[in-house]
Amino acid sequence: MSLRTLFSVCAIVGVCAFVLAPQPVVSAAEGPTLASGGPLTFGPDNVLFIADNAGAKIVALELGDLASGGTPGTKDVAGIDQQIAALLGTDAREIQINDLAISPTSHNAFISVSRGRGATATPVLLRVDGAGEIEVVSLSDVTYTDSELSNAPVADPGSRRDPRASSITDMAYVDGRLFIAGLSNEEFSSKLRSLDYPFTSADEGTSVEIWHAAHGQFETHSPVYTFVPYSVGGEQSLIAGYLCTPLVKFPIDQLRPGAKVMGTTIAELGNRNRPLDMVVYTKDGKDYLLMSNTSRGVMKIPTEHFGDQEGLTDPVPDGNQAGVGYETIAQMTGVEQLDLLDDEHVMVITRNEAGQANLEAMALP
Amino acid sequence: MQTPFFGVTPARTCRRHAEFRPLSRVLGARPHLAAVVLAAAAACSGGPDTAAPAIEIRLEAPDDDARGARVEVVGLTPADLAALRAADLTDDQWAELFRVTVVRGNDDSGLELPPVLGSYALGDDDQLWFSPMFPFDLGLPYSVQFEPTRLPGRETAELEPVVAVVSLPKPYVEPTTVVARVFPSGDSIPENQLKIYLHFSAPMSNVDGLEYVSLRDGRGRAVEEPFLPLGTEFWDPDHLRYTVFFDPGRVKQGLELNERLGRPLQEGDTYTLVVDPTWPDAEGNPLQAPFEKRFSVGPADVTPLDPATWRLRVPASGSTQRLVVSFPEPLDHALMRRAVGVEDATGRSVDGTVETSNWETRWALTPSQPWAPGAYALVAAPIVEDLAGNRIGAAFEIDVFERVDVDGTTAGEEHRIPFEIR
């Protein structure tokens with residue numbers, strides 16, 4: 001393989017640890033204060049990670065018994081946005097659903113929302129159990145640790161306040177490390193960070209800037225929006241959905257400071273689209289990636305060729321896909337949030353044409 | 001936790017003493033806090049042996065603070081209050097006795113909605129109150145239903161429910177928020193312009209701004225999907241600045257969207273950025289006026305920044321004159337504000353006030369203390385960009401094969417331009 005070909009098929013992950021290096025602050029107190037509640041993901045031992053974008057930190061909530069409501073599982077809730085709004089004493093238009101995560105132990109659904117859209121917007125974490133009971137999870141007695149995510153350096157000491165905002169779009173926990181994808185309102189480049197968990201004060205974290213070369217000779221500079229850990233041929237990897245919808249794999253163990261990581265663009269999933277969420281599941285002995293999108297529905301992507309798919313090198317000529325194939329699941333429409341409920345179902349939040357959000361379990365396709 | 005307890009049953013409602021009553025008395029003289037309550041009082045027939053309570057529902061805001069507003073039920077008899085104190089009701093029982101729900105607008109979904117979460121308390125006098133978990137929204141009506149037959153000991157009494165609709169009025173506020181500034185501030189941008197910053201005069205609401213921003217070409221036609229659709233994430237922490245990214249799929253060469261649709265901006269044409277005045281600010285009010293900004297578009301800029309072309313005008317020692325740095329092209333406003341600074345010989349940042357001017361081709365630092373003689377350095381972090389996202393030594397679009405020759409390192413490190421104050 002020529003050097004040119006090698007770099008045509010690969011993404012280059014360069015390390016720039018000086019930008020956005022997390023500055024962990026360990027708290028063993030009870031009752032975190034959240035400025036906002038964004039993406040959620042579960043870690044070990046009923047730990048729920050919640051991204052606080054406004055507060056520029058990741059909080060690890062040790063839920064303990066709060067991981068479970070009265071009934072295991074999650075019951076469908078029609079009009080989940082209206083139900084939540086009613087409980088919180090507001091109009092459904094004032095409720096913004098930010099993420100959905102299913103507890104791996106209770107299989108209850110956890111939903112992070114913002115109550116209000118103005119200056120007094122308040123983050124709220126809710127739990128839905130197998131009886132459809134919706135409860136606000138009070139954080140006042142929850143033991144937690146957190147890790148602050150520092151902003152990029154400010155060279156101008158006179159600036160009143162750093163206007164830079166980092167938006168975490170996805171998180172995943174793998175074997176003692178929390179991976180975090182995020183965007184910035186100033187720098188259009190891909191950031192993927194990892195933190196060791198439990199958080200330690202000595203952990204400076206890893207910050208990597210991802211470049212991929214899926215389009216001819218040009219790097220796209222496009223950010224990762226969502227990703228999922230997955231073992232490809234025995235190699236623990238991250239499968240990342242980029243903003244402009246290429247699907248890229250790269251090995252986790254190379255995401256170290258000072259390392260140069262090659263990733264491979266394994267699929268081009270079409271334009272005018274943004275990936276929203278993805279999960280991996282097994283059905284009939286085969287693994288599949290299920291990926292929701294803003295405008296291309298929910299895709300079911302067999303993973304069997306993730307290991308041997310040759311990296312894409314050229315722009316996709318006026319077509320909508322290339323690389324590993326996928327199937328669009330016709331019955332899954334309007335999916336805004338998605339997480340695995342159990343071995344046979346995925347829990348989704350869909351929005352219908354009337355604008356109503358519904359929490360519902362669907363059979364894995 | 002509360003079991004949903006749904007709906008009001010008008011047929012059972014005792015309304016004969018209901019009245020509208022402004023609560024300025026309760027809420028104080030400040031007119032903006034004057035709550036309006038459809039207060040309902042009931043003296044319906046009680047049980048044969050018990051005096052019927054004369055119940056009244058009202059909205060109170062202690063200390064004139066609307067955020068602390070609570071719903072009160074007054075008129076309970078001493079026997080009822082004593083029974084309540086002794087009963088230790090569960091959350092579900094409280095909600096069945098005294099329920100506050102959001103009044104829904106036009107809604108044909110048929111959904112049954114649960115009551116508002118909150119806490120119940122008994123006062124020293126004859127009142128019982130409900131405090132919501134989150135403050136009542138201004139202007140949103142809430143239905144209150146008190147069910148006397150759920151009072152301990154009155155289960156068999158012939159008492160009808162008392163209902164009221166309460167709300168905190170939302171004062172009308174004249175729209176005052178405007179688009180204060182736009183960056184780039186110049187009227188000429190490259191064909192591969194990467195982003196635009198909209199600065200507002202007051203905090204805005206957390207909604208998807210792209211619904212309110214559009215681009216028209218020189219003939220007044222809407223440009224198709226020019227911006228990156230990312231939802232609500234691109235606000236600054238104060239919600240005063242919104243970042244609009246041009247869709248990189250249309251900016252970068254080689255991407256299918258670019259090949260098919262072309263760049264959203266075409267060299268030689270003029271464009272108008274249009275901001276819809278219905279964009280709500282943090283108070284929910286529209287903008288005071290529509291906003292438009294016109295740009296002419298020049299050729300694409302694919303040249304990395306070269307600090308050798310930056311010119312410094314160095315002040316004299318002992319003065320508080322400005323250090324002025326001139327660039328041959330406009331830089332990204334936010335990044336030049338954040339990532340350019342001055343350090344003294346010891347590596348300490350020089351404190352002062354930074355201004356940008358001349359369409360972001362000029363950066364100036366006025367020190368807070370007079371310049372001391374000595375060696376200094378202008379420091380530029382590697383994130384500094386021009387309008388097209390080109391950085392020091394690295395264009396936004398990079399030929400990866402050239403990058404391989406330089407060992408694949410990411411672009412640039414902190415760049416320093418030394419200078420001397422004499």
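The values are calculated or read from the model by the stated rules, or taken from the named source; none is laboratory data. Please read these numbers as outputs of a predicted model, since none were measured by experiment. All Cβ positions, glycine included, derive from the backbone under ideal geometry; neighbour counts span all protein chains shown. Heads up: the accessible areas ignore ligands, DNA and RNA and are worked out on the full protein's heavy atoms, side chains in. Shrake-Rupley method; radii C 1.70, N 1.55, O 1.52, S 1.80 Å.
Buried between B and A is an accessible area of approximately 6500 Å², summed over both sides with a 1.4 Å probe. Pairs from the list A:57/B:170; A:75/A:249; A:249/A:286; B:170/B:195 with a Cα-Cα gap above 27 Å: A:57/B:170; A:75/A:249; B:170/B:195. A simple count of charges around residue A:304, restricted to other residues whose Cβ falls under 9 Å of its Cβ and scoring Lys, Arg +1 and Asp, Glu -1, yields -1. Here the label points at residue B:208 and residue A:175, each 7 Å from Cα along the C-beta direction, are separated by 3.8 nm in the simple model.
When Lys and Arg each count +1 and Asp and Glu each count -1, what net charge do the other residues less than 13 Å away from residue A:35, Cβ to Cβ, add up to? Don't skip to the answer; put the middle values down first.
Details: positive: A:57; negative: A:52, A:146, A:148, B:238.
Local net charge: -3.
Under 5 Å between amide hydrogens, built in the peptide plane, is the criterion, and for residue B:202 it picks out B:178 among residues at least 5 positions away or on other chains.
For the stretch B:116-140, backbone nitrogen atoms closer than 14 Å to the point 7 Å from residue A:120 Cα along Cα-to-C-beta are found at B:132-140. Computed over protein heavy atoms with a 1.4 Å probe, the accessible surface of the stretch B:307-421 works out to 42 Å² per residue.
Modelled spin-label separation between residue B:199 and residue A:140, with each label point placed 7 Å from Cα along the Cα-to-Cβ direction: 4.2 nm.
Residues whose amide H comes within less than 5 Å of that of residue A:294, counting only those at least five positions distant or on another chain, are A:274, A:276 (H built at 1.01 Å from N in the peptide plane).
The aspartates and glutamates within cross-link reach of residue B:293, meaning a Cα-to-Cα straight distance under 13 Å and a gap of 8 or more places when in the same chain, are B:187, B:217, B:276. Place a point 7 Å from the Cα of residue B:414 along the Cα-to-Cβ direction; which residues of the stretch B:322-349 have their backbone N under 17 Å from it? Hits in the stretch B:322-349 for residue B:414 at 17 Å: B:336-349.
Place the peptides A:137-148, B:131-142 in order of packing, highest mean first, counting for every residue the other Cβ atoms within 10 Å and averaging per peptide.
Details: A:137-148: 17.5, B:131-142: 19.2.
Put in order of decreasing packing, that is B:131-142, A:137-148.
Over what distance in Å are the Cα centres of the stretch B:273-349 and the stretch A:343-364 separated? The stretch B:273-349 and the stretch A:343-364 have Cα centres separated by 45 Å. Computed over protein heavy atoms with a 1.4 Å probe, the accessible surface of the stretch B:179-298 works out to 37 Å² per residue. Peptide A:78-89 has a mean shielding of 6, counted as Cβ atoms of other protein chains within 10 Å of each residue's Cβ. A simple count of charges around residue B:176, restricted to other residues whose Cβ falls under 12 Å of its Cβ and scoring Lys, Arg +1 and Asp, Glu -1, yields -3. For residue A:283, a cut-off of 17 angstrom between C-alpha atoms picks up these aspartates and glutamates, skipping any fewer than 8 places away in its own chain: A:304, A:327, A:339, A:342, A:343, A:344.
Carbon and sulfur together cover what percent of the accessible area of the stretch B:307-421 at a 1.4 Å probe radius? Intermediate values should be presented prior to the final figure.
Working: 2320 of 4820 Å².
So the carbon and sulfur contribution to the accessible surface is 48 percent.
Per residue of B:236-244, other chain Cβ atoms within 10 Å of the residue Cβ number 5 on average.
Contour minus end-to-end for residue B:272 and residue B:121, with contour as 0.36 nm per residue of separation and end-to-end as the Cα-Cα distance? The partial results should precede the final answer.
Values: separation 151, 0.36 × 151 = 54.36 nm, distance 5.77 nm.
Additional length available on full extension: 48.6 nm.
Report which residues of the stretch B:136-166 become buried by 20 Å² or more of accessible surface when going from the isolated chain to the complete set of protein chains (1.4 Å probe; DNA, RNA and ligands ignored). The answer is B:137, B:140.
Candidates A:114, A:100, A:130 compared by Cα position along the dipole of the stretch A:74-138: farthest toward the positive end lies A:114, with charges placed on Cβ. Panel note: contact residues of the stretch B:328-345 (accessible area lowered by at least 50 Å² against the chain on its own; 1.4 Å probe) correspond to B:338. Taking 0.36 nm per residue of sequence separation and removing the Cα-Cα distance, the residue B:176/residue B:422 pair yields an extension gain of 83.7 nm.
Per residue of B:379-387, what is the mean number of Cβ atoms on other protein chains within 10 angstrom of that residue's Cβ? Numbers along the way, then the final one.
Numbers: counts 2, 1, 6, 5, 10, 1, 4, 0, 0.
Mean number of neighbouring Cβ atoms from other chains: 3.
Model label points for residue A:65 and residue A:35, set 7 angstrom from Cα along the Cα-to-Cβ axis, are 3.4 nm apart.
The solvent-accessible area of residue A:57, taken with every protein chain present and a 1.4 Å probe, is close to 30 Å².
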